[in-house]
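The values are calculated or read from the model by the stated rules, or taken from the named source; none is laboratory data. Quantities reported herein were computed from a predicted structural model and do not represent experimental measurements. A quick note on method: Cβ atoms are made from the backbone with ideal geometry, for glycine too, and the neighbour counts reach across all protein chains shown. Ligands, DNA and RNA are excluded from the accessible area calculation, which covers all protein heavy atoms including side chains. Shrake-Rupley method; radii C 1.70, N 1.55, O 1.52, S 1.80 Å.
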Amino acid sequence: MPVHSTPSHFSMTRMRFAQGAGIQDMPQEILLMICTFLPLLDIVSLSQVSKVFWLLLQDEYLWKALYRTTKIVRPTGPLVAGHPAWRLRRILISSASVKENWPPRTKKPEFTKKYTVPLIDPPEYCYLFDGKWLIAANSSIGYYYDLREQPKPQPILFYRPHLMALFFRCVTATNIRGETLTFLITETQLGKCVRRVNISRVSASVAGPYVDPLMHYDLPQNYPGIADVVIGDRLMILKPKTNYIHVQPTVYDFKELRPCKLPPLPSEYRRHTTFYHAEYVMTKSYVLLFYTFTKESRSLETLVLACPTTPELQKNQSVLQVSHRAIVDGLVLANIRVMCDDTCESGTTRITLVGKKVTNCRAPDAGLMALRLALHPVISGEGSIACECIDLGIIPGRDAILLETGPDECGRGVYNTPSGHIVLFSIEAENGRLRWHKSDELSWGPGLVRHTAMAFDGYRGMLCVKTVNMARNVGLEVWTISRTTK
């Protein structure tokens, strides 16, 4: 006698689905789970299929999940509860569109929108602010352009120093509440012997960006000047224009609103009077100090010190304390950027840095290198640091690179060649290994003999380029990389 089995729940569901149901009739939870595995631009295309998918893909939790997990370059700052879904969607789609037209996707990127802005004076520094404004400055004046202005953006006064600005730099950081802040740091000449450091907040209104002064302090007469500024969610370091050890960088604590001091060198290094090179890097939990010395054998040795970002109070002074240290032979890194910073359950903090490796100050070329650090938990005394150096490629010339990084070891960058061309590159983690890809040299426009990248917005795909024509006239253009039509 034959045995008749009862149809399973899966079989009955499949039969009902086959009798006229479509994919849009599936439970929303399953559809959203499927969407998390799709490329971002495919999700955009799917939202245009029907009203059902358009409504479904407005889900806030979907875009927050994609923002946390997607390897993509994005603006500075973590995901916080107040970020609306539309903002996350705009950031992700914008960066994904640029990625489709960036190495390694293409070797010949194309730029579509080009703004040629009139110049008052040739700028020495440029900054793209929020994708809407271009800030350009030299020692005598700073001005901005509204890139949405038609037919051509016009210069508007942004900042004017008392006499002249010896240093002008805009930096972006995220505070402890997750808010993205932009600061303007200037060193100005007030008189024959008086110089001052000014720290201001850069904000934007309907009319455009404006400067809100926060603090200033006078510099001693023998101070060599500011070379660079490094900023984190709590501390800011002003790097001096000298390698003399007795000239300490200026450190300021935003939380306590007071100056701070770096830790003294270990006793075995105090016999040195100068550094061969010094770099300062801010991560989420540590301030990393890279001090390179020349040994008696003429070889190089780099001392790596890690200090928690919370200073300790000693004799009414805030002082950073060393928690980890390591020694790396023959390593000189400049223009260092943080690619990845994560602390695992065991307490080990893993940090990936990328910078230009220069082994000889007179070398015509430099290498692009990644440095992976593992800071193990401190048991007693100082903790250890495991270091792994990864050579990525060769960058011709000695100009600084423009690099923007995101979480999960990904980044986009630009560098200028000695011949006056611009090359785009990217760094991505592939199967646990870092690889870099570069484009062909961007071609000149008609009548030009040189162009130089002055500012760069990685996730919007924007470049500010200074051009020089055959008559040696200087121009300033803003390029936007072409977006995919997918």
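Numbers at a glance
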item: Residue, modelled with the lowest pLDDT, within the range 181-209, restricted to residues that are surrounded by 14 or more Cβ atoms within 10 Å (Cβ to Cβ) and polar (S, T, N, Q); result: Gln189
item: Residue tally, condition farther than 13 Å from Ala453 by Cβ, assigned to a loop (DSSP other than H, G, I, E, B) and either open to solvent by less than 60 Å² (accessible area, probe 1.4 Å) or modelled with pLDDT of 85 or more (or both), over the range 383-407; result: 1
item: In the range 74-96, residue most open to solvent (accessible area, probe 1.4 Å) [restricted to those that are modelled with pLDDT of 80 or more and aliphatic (A, V, I, L, M)]; result: Ile93
item: Strands (runs of 3 or more DSSP E) lying entirely in the range 112-172 (those with 1 or more residues that are buried (at least 20 other Cβ atoms within 10 Å of the Cβ) and small (Gly, Ala, Ser)); result: 133-137, 142-146
item: Contacts under 7 angstrom Cβ, first residue in the range 247-276 being without any contact (Cβ under 8 Å) to a residue 40 or more places away in the chain and among the hydroxyl-bearing types (Ser, Thr, Tyr), partner open to solvent by less than 90 Å² (accessible area, probe 1.4 Å) and not in a strand (DSSP E or B), 6 or more apart; result: Thr273/Ile245; Thr274/Asn243; Thr274/Ile245
item: Looking only at the range 307-338, and only at residues there that are of a type in the set (D, E, K, R) and closer than 21 Å to Tyr269 by Cβ, the one that is most open to solvent (accessible area, probe 1.4 Å); result: Asp329
item: Of residues in the range 408-430 being free of Cβ contacts under 8 Å to residues at least 60 places away in the same chain and not in a strand (DSSP E or B), the one most open to solvent (accessible area, probe 1.4 Å); result: Pro418
item: Residues satisfying the stated conditions in the range 431-458, i.e. in contact with a strand residue (DSSP E or B) (Cβ under 7 Å, 6 or more places away or on another chain), touching a residue at least 40 places away in the same chain (Cβ under 8 Å) and not in a strand (DSSP E or B); result: Ser439, Leu442, Gly458
item: Residue within the range 351-373 that is more than 22 Å from Gly413 (Cβ to Cβ), open to solvent by 70 Å² or more (accessible area, probe 1.4 Å) and modelled with pLDDT of 85 or more present; result: no
item: Selection from the range 97-137 of residues that are of a type in the set (A, V, I, L, M, F, W, C), touching a Pro at 6+ places or on another chain (Cβ under 9 Å) and modelled with pLDDT of 85 or more; result: Trp102, Val117, Leu119, Phe129, Trp133, Leu134, Ile135, Ala136, Ala137
item: Evaluation of Asp228 against (1) surrounded by fewer than 19 Cβ atoms within 10 Å (Cβ to Cβ); (2) in contact with a Lys or Arg (Cβ under 6 Å, 6 or more places away or on another chain); (3) not basic (Lys, Arg) (one fails), failing number; result: (1)
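Let's see how each residue does on (1) within 25 Å of the chain's Cα centre (by Cα); (2) in a strand (DSSP E or B); (3) at pLDDT 90 or above; (4) closer than 18 Å to Glu312 by Cβ:
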site	(1), (2), (3), (4)
Val251	yes, yes, yes, yes
Glu256	no, no, no, yes
Leu265	no, no, yes, yes
His272	no, no, yes, no
Tyr280	yes, yes, yes, no
Lys284	yes, no, no, no
Phe290	yes, yes, yes, no
